[in-house]
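The block underneath contains the structure these notes are about, expressed in structure tokens.
Bear in mind these aren't lab numbers, they're just calculated from the coordinates by the rules spelled out. Quick caveat, the model's predicted, so the values are computed rather than measured. Neighbour counts are summed over all protein chains in view; Cβ atoms, including those assigned to glycine, are modelled from backbone coordinates with ideal geometry.
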Amino acid sequence: MKLVKLLANLGYGSRKEVQRLIRSGAVTDDEGNVLGENEVPAHECIFFRGEELDPPSPLVIMLNKPDGYTCSSEDPGSTIYDLLPPRFAHRNPGLNPIGRLDKDTTGLLLMTDDGKLLHKIIHPKSECHKVYQARLDRPLEGHEGELFASGTLILNSETRPLLPARLEVLGEKEARVTLHEGRYHQVRRMFAAAGNHVLDLRRISIGGLAMPENLEEGDWRILDAGEVAAIFGSKD
Ligand code: URA
């Protein structure tokens, strides 16, 4: 790929802007030699204003999503893209969330620019179950586990029953729920169907990949190949 296209695809600017940047000497190799438009060394040997280039596609990142951020790039309020380097919102192919979280749901959010990987992870056949921890308004009554596991629960305004889900009781008003699909507001609506109300909701794992304890809220990092493989590593 030509240098202009490579940098434009990584979000460094429009093709015209990138062309200007290259001509101004902003792009060098690992020895500090200014690169021209027709020179394209290995990705790791290209530097922009002295800094390594952003990673190429395919890119997979994990974000510890805080409360109050939407998973859309269109929202006029705070979005998950505000938590990433600004260039990441302008990459081509685009960096998209792998299964959205509600604005007020926190925890593990994966994002990728690899469409095939995205679909593989969200496809029920991959069995990348998602685990959520919920804090509830009212004490659990004891019937919720059976209801969620039944495979017959139909949410309001839907016709197709939910796949069986697992409930683990963590406390009087706290539970862990394992889902094998991702419907709109699913956990909140499941507890509503059981006569309760979710106060806080946090996703703690996707497939075999758990949120690491050392990733602070609002922080993100790139996944390595082993971590991407781990997503598919644990079947329920
Ligand atoms: N279920 C919900 O209700 N909300 C989420 O964000 C994810 C699952």
### From phi via Karplus (6.51, -1.76, 1.60), per-residue ³J(HN,Hα) for the range 64-75 in Hz, x at Gly/Pro
8, 6, x, 5, x, 10, 8, 8, 10, 8, 8, 4
### Anisotropy class of the range 71-130 from Cα gyration tensor, a/c 1.5 cut
oblate
### Task
Could you calculate the contour length gain from Gln19 to His197, that is, 0.36 nm times the residue separation minus the distance between their Cα atoms, to one decimal place in nm?
58.7 nm
### Task
Pop a pseudo-label 7 angstrom from the Cα along the beta-carbon direction at both Asp104 and Asn38 and give the gap in nm to one decimal.
6.0
### Summary
Treating every alpha carbon of the range 1-155 as one equal point scatterer without solvent, the Debye formula yields log10 I(q)/I(0) values at q = 0.08 Å⁻¹ of -0.36
### Message
What value in Å³ per residue do you get for the convex hull of the alpha-carbon atoms in the range 3-52?
### Response
63
### Task
Please give the length that would be gained between Asp224 and Thr159 if that part of the chain were fully extended, namely 0.36 nm times their separation in residues minus their C-alpha to C-alpha distance (nm, one decimal).
19.4 nm
### Query
Can you work out the FRET efficiency for the pair Val169 and Glu217, with r the C-beta to C-beta distance and R0 = 25 Å, to the nearest 0.05?
0.45
### Summary
Amide H proximity to Asp200 below 5 Å, modelled H, separation 5+ or other chain, gives Arg135
### Task
May I ask you to compute the full-extension gain from Leu84 to Ser126, defined as 0.36 nm times their residue separation minus their alpha-carbon distance, rounded to one decimal in nm?
12.3 nm
### Message
Going by amide H atoms built from the backbone, whose H comes under 5 Å of the H on Ala165, apart from near neighbours?
### Response
Ala149, Ser150, Gly151
### Task
Taking a cut-off of 19 Å between Cα atoms, list the lysines near Lys5, but don't count ones fewer than 8 places away on the same chain.
Lys16
### Query
What distance in nm separates the simple spin-label points at Tyr184 and Asp75, each placed 7 Å from Cα in the Cβ direction?
1.6
### Hz values of 3J(HN,Hα) by residue in the range 88-98 - Karplus curve (6.51, -1.76, 1.60), Gly and Pro given as x
4, 7, 10, 6, 9, x, x, 8, 10, x, 8
### Task
Treat the range 129-206 as a sphere of radius equal to its Kirkwood radius over Cα pairs and apply Stokes-Einstein at 37 °C in a medium of 0.692 mPa s; give the translational diffusion coefficient in µm²/s, rounded to a whole number.
267
### Query
Which of the GluC sites (Glu not before Pro) found in the range 159-199 are in a DSSP loop and have at most 12 neighbouring Cβ atoms, other than their own, within 10 Å?
Glu172
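When only C-alpha pairs under 8 Å and at least 6 residues apart count, what is the relative contact order of the chain, in percent? Could the numbers behind the result be given before it?
On the way: 440 pairs, mean separation 47.3, N = 236.
That works out to 20 percent.
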### Relative contact order [Cα under 8 Å, 6+ residues apart], the range 3-52, whole percent
31
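What number, in percent, do you get for the relative contact order of the range 129-206 if the mean sequence gap of Cα pairs under 8 Å and at least 6 apart is divided by its residue count?
Details: 144 pairs, mean separation 36.3, N = 78.
The value is 47 percent.
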### GNM flexibility winner over the chain from Thr112, Thr70, Thr159 (Cα, springs under 10 Å)
Thr159
### Query
What helices in the chain pass both tests, a Cα length along the helix axis of 27 Å or more and a mean Kyte hydropathy of 1.0 or higher, using whole DSSP H runs?
none
